[in-house]
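Single-structure report; data block below.
Please treat every number below as a calculation from the coordinates, not as lab data. Since the model is a prediction, treat every value here as computed from it, not as a measurement. FYI the Cβ positions are ideal-geometry reconstructions off the backbone, even for glycines, and counts take in every protein chain you see.
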Amino acid sequence: MAKNKRAPRAGFLPYYVEGGEMYVMFMKPSDSAHGGDCFQIAKGRVDPGETADVAAKREAHEELGLKASNLDTDRKFGTFLGYTELYYGRVKDREDFDPFEYETGETRWMSVAEFYRIGRSIHIPIIKALAREVAKYEPSLQSHQSEK
């Protein structure tokens, strides 16, 4: 019997740095059947014929309102949870976002430490890895941030 394969997924983590801390935008689904009632990474299915990087930005626009023109940097992060390609980028203006679509109930900028307290638990290791990754490019980040 063939193994049931999950459809590929992609997500995007927009961030900014202020006062030596990184802040990442997360979303809370409008329907708890789609990921629970915790804040989480904006992500979704890669449509047929679509590349993962295009899907990640599309999902970020739909679920967060992220404008591609508002990105100062854009990097591939890696594959997580076995089938989700993640990307991240620094935003130019943390207020310059479009309205998000129906699948999102709320968005919020959070420090890494705040996400550890109230974010979706399955995503915490991903955010820990993100903090280490971003620290390579952001010398103003506090060196201990990824260990909080």
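Does HIS34 satisfy the criteria of being more than 22 Å from GLU138 (Cα to Cα), exposed (fewer than 14 other Cβ atoms within 10 Å of the Cβ) and either in contact (Cβ under 8 Å) with a residue 40 or more places away in the chain or out of contact with any Gly (no Cβ under 9 Å at 6 or more places or on another chain) (or both)? The answer is yes for HIS34.
Every residue, every condition in (1) aliphatic (A, V, I, L, M); (2) surrounded by fewer than 15 Cβ atoms within 10 Å (Cβ to Cβ); (3) part of a strand (DSSP E or B), yes or no:
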| site | (1), (2), (3) |
| --- | --- |
| ALA7 | yes, yes, no |
| PHE12 | no, no, yes |
| LYS28 | no, no, yes |
| LYS43 | no, no, yes |
| VAL54 | yes, yes, no |
| ARG58 | no, no, no |
| GLU63 | no, no, no |
| LYS76 | no, yes, yes |
| GLY89 | no, no, yes |
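Among residues of the range 65-74 being surrounded by fewer than 18 Cβ atoms within 10 Å (Cβ to Cβ) and in a loop (DSSP other than H, G, I, E, B), the one that is farthest from the chain's Cα centre (by Cα) is ASP72. Going through (1) surrounded by 15 or more Cβ atoms within 10 Å (Cβ to Cβ); (2) in contact (Cβ under 8 Å) with a residue 60 or more places away in the chain one by one, TYR102 falls short only on (1).
Answer with yes or no whether PHE115 is part of a helix (DSSP H, G or I), in contact (Cβ under 8 Å) with a residue 60 or more places away in the chain and of a type in the set (Phe, Trp, Tyr). Against the criterion (part of a helix (DSSP H, G or I), in contact (Cβ under 8 Å) with a residue 60 or more places away in the chain and of a type in the set (Phe, Trp, Tyr)), PHE115 qualifies.
Small (Gly, Ala, Ser), out of contact with any helix residue (DSSP H, G or I) (no Cβ under 6 Å at 6 or more places or on another chain), closer than 20 Å to VAL134 by Cα and without any contact (Cβ under 8 Å) to a residue 60 or more places away in the chain - does that describe any residue in the range 81-90? So far as the range 81-90 goes, no, none of its residues is small (Gly, Ala, Ser), out of contact with any helix residue (DSSP H, G or I) (no Cβ under 6 Å at 6 or more places or on another chain), closer than 20 Å to VAL134 by Cα and without any contact (Cβ under 8 Å) to a residue 60 or more places away in the chain. Would you check which residues across the range 92-112 are among the hydroxyl-bearing types (Ser, Thr, Tyr), more than 16 Å from TYR23 (Cβ to Cβ) and part of a strand (DSSP E or B) and list them? Scanning the range 92-112 gives a single hit, THR104.
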